[in-house]
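**Student:** First the structure, then my questions, so here it is.
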Amino acid sequence: MTKLVTLIIDGQQTTVPEGTLIVNAAKKIGIDIPLFCYHPKMEPVGMCRQCLVEVGRPVVDRASGQPVLDGDKPKIQFGPKLETACTTPVSEGMVVLSQSEKAKASQKEILEFLLTSHPLDCPVCDKGGECPLQNLTLTHGSPQSRFIYDEKSRAEKHVPLGELIWLDRERCIQCARCIRFQDEIAGEPVLAFYNRGRATDIITNSEPGFDSVFSGNTTDICPVGALTTADFRFGARPWEMKAATSICAQCAVGCNITFNTRREAKSGGKVAIKRVMPRQNEAVNEIWICDKGRFAYHFAENNERLEKPLVRRDGELVKASWEETLKVAASKLAESREKMFVLASGRLSNEDLFNLKQLAYNLGGEALLYTHMGGGELTASLGVASGTNFGEMGAGTTILVVASDLYNEAPLWYLRLKQAAERDATLIVVNARETKLERYSRFVIRYSYGDEVETVSELTKKANIGEAISGAENLVILYGSDGLGLDGSSALAAACAKLVKSRAGKANNGLIGVWPRANDQGAWELGFKAEANLAKALKGKTVYIAVADPAGDDPALATALKEAKFVIVQELFLTETAKLADVVLPAQAYTEREGTFTSGERRVQRFYPAALPRGETKADFAITAEIAKELGLELEGRSAARVMDKMAAAVNSFAGITYGKLAEVSEQWPIVGRGDLYYGGAAYENKQGLGVQLDLTPGDLTPAPSSIRRGESLRPDEDRWLAVPITRLYDLDVTVRTSELLRQRIGAAAVLLHPDAAKTLGVAAGGRVEINGSRLEVRLDAGVPVRVALVPRSMGVSIHAPVIAKLKKA
């Protein structure tokens, strides 16, 4: 049990755990001590001195060790000097004065020093309206300055630290929050101080500049307007914008976010999303988001969005009415019945997927998930249970990460596992190549591509590692598809499932799939299946494709689609698949409607509409319901909440979930997003739902397979290369490539080769090789096995599983 201490702060008595800092004890009872450098997620440094307070402690008799009494109360002795509230831990009987004349004089003087060379540009500063320095100056500052205006120090104002983040050096107060975030939280110390005294500047020491996928978080915690994002600079004022609660749709983590919107003339009078901000959920993303989630929202406002239905006439897609389009689609589905199937993407919400599944079931067809990764039937039955939280994992917990590059596939899980390892959780990383997470792991295991299943199956036989797995109080396994396709990842999931089968249903235990899309887990929970030979399945069938682009991903699937009987495509854009369709149905972006996603941790979370729908677009679940109506079937299409009610009644794992329950919140620590802004930064308080983790009931617990089926392992030799797929954070997915800001991060499709392997081909870094008909730029990595080529997914190269390939200099 943690020892508790009682103290008095500004006349209010409070009891907090021993070791609590004064500033945090004050925050818990609603007292905001002014500060700049301190942040509750980082180690205190006491740099800015803004939080100086008077501290008194009980006088203790040296002989007896007992407090000296002044009447019936302990005698309090205040120190001669003020102390920093952000570095001083509380003690029993302590008395703190943050509003005494001495403390207020100090706060006023510190502000005066900070403002000596700070520019007077609040009316045009992006931080104006949510600026701690501005607010504290109004509260504690002097109306006059004793310094001469002409002696103000000038500094460079528009400095690009990278293509995403800009620095105004004149506004910087050297609190080091950004530097410390990159060092302590992100583990990427790419920012630093340069020079000394008044000449001190923030610099980036990486190439390219500010090379971190978490860079945008520094703009949230910057207490002044020194750091701004490239897409929000001079874009809007905080008080002009409205806030819409949402969930990031870029990966399986399910980060809680807020869209800030404004109706503006620049957007033709439409409501425009001006920026994405983190929303606190300590069980998911805390108060952080990655740069992909922050900047990849621009797809929703792209002018190439579909806004009207299309029907193929005389070989051409032409605009048509919804009535005509729905009738054509329904008639073809009615003709095909059991010879139809739905092919859906994990970009869809639970409500969309449920209606699609119901439609396929009622017609006698199949509901397939478009994915390169399998094993979802195991994560649905042996996944983590309610109460699982990476933030609570430490000593006694073993976390096993297999065939996954979390930094690129799920950046916030990378951060969370890094923190768990720092709390003494046993982190084991198993991969064929080096990944960034390894620097925080206790054990690293290498295997050759193709040996994933055997390696996992043999883990418990290794002395220290076997002990760490079998003897752990909690065991969580995250598996991915690094170097694997559908069959390989399915076999790997089965091998991992055998390690956790005895722990199913227990919090902080289970199997997690590092899925490529936000709601792949939701699709598996609803009973969608994956098809290994999709090209064969397409031939001669009527296929209803929802928010997936198989033709754009693989030329072989484009050919197969041409041989399909009839193709219905539901999409945001005229993708390569949509260009081959007989009917195209324009869908709303998730920013324009409400719904839910199920994260990889099996947490169902609700998102809300942020902007108005474009043109004649409709929500995906509503489109499916209207097609069903034409077929004489009844599906809910009026309200996403009503679809959830039907889902909860029909699907065991969703039982008891309602939109009201998903909107429930509870108190979180640290307290952020309230009135002060300077304590936790500009992240939003969570007022509209923390989500609900799905329960595992005894009937859902599928036994782990006793035997594991997998395909033949492919091996390179002197004449052949093994090409394996890997995931990059920034790729050519339709929701990413439409963001102008991320274009530089996406870059060109490139193959990773070992330097010796490149030498045998006669190419250097930056050169080009041809692989299976695609010409790719060469990048060198000594961690890649010789005669193995690492090929990025979703970059226009049709390699989705390990293949033997021929490489030659292009």
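**Student:** Which whole-number value in Å³ per residue fits the convex hull of the alpha carbons of region 376-516?
**Tutor:** In region 376-516, the Cα hull volume divided by residue count equals 95 Å³.
**Student:** Hey, if you put +1 on the Cβ of every Lys and Arg and -1 on every Asp and Glu Cβ in region 716-809, which of L807, A764, S739 ends up farthest toward the positive end of that dipole?
**Tutor:** About the Cα centre, the residue reaching furthest to the positive side is S739.
**Student:** Over the C-alpha atoms of region 4-116, what are the Rg and the largest Cα-to-Cα span, Dmax, in Å?
**Tutor:** 14.7, 51
**Student:** So what J values fall out for region 652-657 if you push phi through Karplus, 6.51 cos²θ - 1.76 cosθ + 1.60 with θ = phi - 60°, rounded to Hz, Gly and Pro as x?
**Tutor:** 3, 5, 9, 4, x, 7
**Student:** Among residues other than T14 whose Cβ falls under 11 Å from its Cβ, what is the net charge (Lys/Arg +1, Asp/Glu -1)?
**Tutor:** +1
**Student:** Rg to Rh ratio, region 716-809, alpha-carbon atoms and Kirkwood radius?
**Tutor:** 0.98
**Student:** Within region 121-228, list the GluC sites (Glu not before Pro) lying in a DSSP loop whose Cβ has at most 11 other Cβ atoms in a 10 Å radius.
**Tutor:** The qualifying sites are E156.
**Student:** Turning to a different aspect of this structure: For region 716-809, what is the charge dipole size about the Cα centre, in debye to the nearest 20, if Lys and Arg each add +1 at the Cβ and Asp and Glu each add -1 at the Cβ?
**Tutor:** In total the dipole reaches around 200 debye.
**Student:** How many angstrom lie between the C-alpha centres of region 747-773 and region 239-308?
**Tutor:** 37 Å
**Student:** Compute the helix-to-body angle for 101-114: its Cα long axis versus the longest principal axis of the chain, expressed 0 to 90° and rounded to tens.
**Tutor:** Once rounded, one gets 60 degrees.
**Student:** Expressed in nm², what is the orientationally averaged projection area of the convex hull enclosing the Cα positions of region 534-680?
**Tutor:** 12.7 nm²
**Student:** Further question: Counting only residues 5 or more places away or on other chains, whose amide H sits under 5 Å from the amide H of I9 once H atoms are built in the peptide plane?
**Tutor:** Those qualifying (amide H under 5 Å, at least 5 residues apart or on another chain) are T14, V96.
**Student:** Give, as a single signed number, the net charge of other residues whose beta carbon lies under 15 Å from the beta carbon of V778, with Lys and Arg counted +1 and Asp and Glu -1.
**Tutor:** +3
**Student:** Would you list which lysines come within 22 Å of K418, measuring only between C-alpha atoms, while excluding same-chain residues fewer than 8 positions from it?
**Tutor:** Hits, sequence-local ones excluded: K41, K292, K436.
**Student:** Now a separate question. Tell me which GluC sites (Glu not before Pro) from region 289-340 have a DSSP coil assignment and no more than 15 other beta carbons within 10 Å of their own.
**Tutor:** Answer by residue number: E304, E307.
**Student:** Moving to a separate point now. With no solvent and one point per C-alpha, what does the Debye sum give as log10 I(q)/I(0) for the chain at q = 0.05, 0.07, 0.11 Å⁻¹?
**Tutor:** -0.30, -0.57, -1.31
**Student:** Can I ask one more? Hey, if you put +1 on the Cβ of every Lys and Arg and -1 on every Asp and Glu Cβ in the chain, which of G675, F234, L459 ends up farthest toward the positive end of that dipole?
**Tutor:** Result: F234, furthest along the dipole toward the positive end.
**Student:** Along the positive direction of the dipole of the chain (beta-carbon charges: Lys, Arg +1; Asp, Glu -1; about the Cα centre), which of T388, I9, I289 reaches farthest?
**Tutor:** Looking along the dipole axis, the top candidate is I289.
**Student:** How big is the antiparallel share of DSSP beta bridges in region 376-516, given as a percent to the nearest 5?
**Tutor:** 0 percent
**Student:** Residues with beta-carbon under 12 Å from that of A530, excluding A530: net charge, scoring Lys, Arg +1 and Asp, Glu -1?
**Tutor:** Net charge in that neighbourhood comes out at -4.
**Student:** Let me ask another. How do M241, M340 rank by accessible surface area computed with a 1.4 Å probe, from largest to smallest?
**Tutor:** M241, M340
**Student:** Might you report the magnitude of the Cβ-based charge dipole of region 4-116 about its Cα centre, with Lys and Arg at +1 and Asp and Glu at -1, to the nearest 20 debye?
**Tutor:** 120 debye
**Student:** Could you give me the ³J(HN,Hα) list for region 752-768, computed from phi with Karplus coefficients 6.51, -1.76, 1.60 and θ = phi - 60°, whole Hz, x at Gly and Pro?
**Tutor:** Once θ is set to phi - 60°, the couplings for region 752-768 become 9, 10, 5, x, 5, 5, 5, 5, 5, 8, x, 10, 10, 4, x, x, 10 Hz.
**Student:** In the chain, what % of DSSP beta bridges are antiparallel (nearest 5)?
**Tutor:** 55 percent
**Student:** Can you give the charge dipole size of the chain about its Cα centre, rounded to the nearest 20 debye, using +1 on the beta carbon of Lys and Arg and -1 on the beta carbon of Asp and Glu?
**Tutor:** Here the chain has a charge dipole of around 500 debye.
**Student:** Ignoring ligands, DNA and RNA, please state the percent of accessible area on region 75-117 from carbon and sulfur, probe 1.4 Å.
**Tutor:** 59 percent
**Student:** Could I ask something else about it? Label S713 and K646 with points 7 Å out from Cα along Cα→Cβ: what is the distance between them in nm?
**Tutor:** Going from the S713 label point to the K646 one covers 4.8 nm.
**Student:** Sticking with this structure for a sec: Note the angle between two axes, namely the Cα long axis of helix 411-422 and the longest principal axis of the Cα atoms of the chain, as a number of degrees from 0 to 90, rounded to the nearest 10.
**Tutor:** Result, in degrees: 50.
**Student:** Using the alpha-carbon atoms, what tilt in degrees (0 to 90, nearest 10) does helix 640-650 show relative to the longest principal axis of the chain?
**Tutor:** Computed tilt is about 70 degrees.
The values are calculated or read from the model by the stated rules, or taken from the named source; none is laboratory data. Keep in mind that this is a model prediction, so the values were computed, not measured. For neighbour counting, all protein chains shown are included, and Cβ atoms are generated from backbone atoms with ideal geometry for every residue, glycine included. Accessible surface is based on the protein model in full, side chains and every heavy atom, while ligands, DNA and RNA are left aside. Shrake-Rupley method; radii C 1.70, N 1.55, O 1.52, S 1.80 Å.
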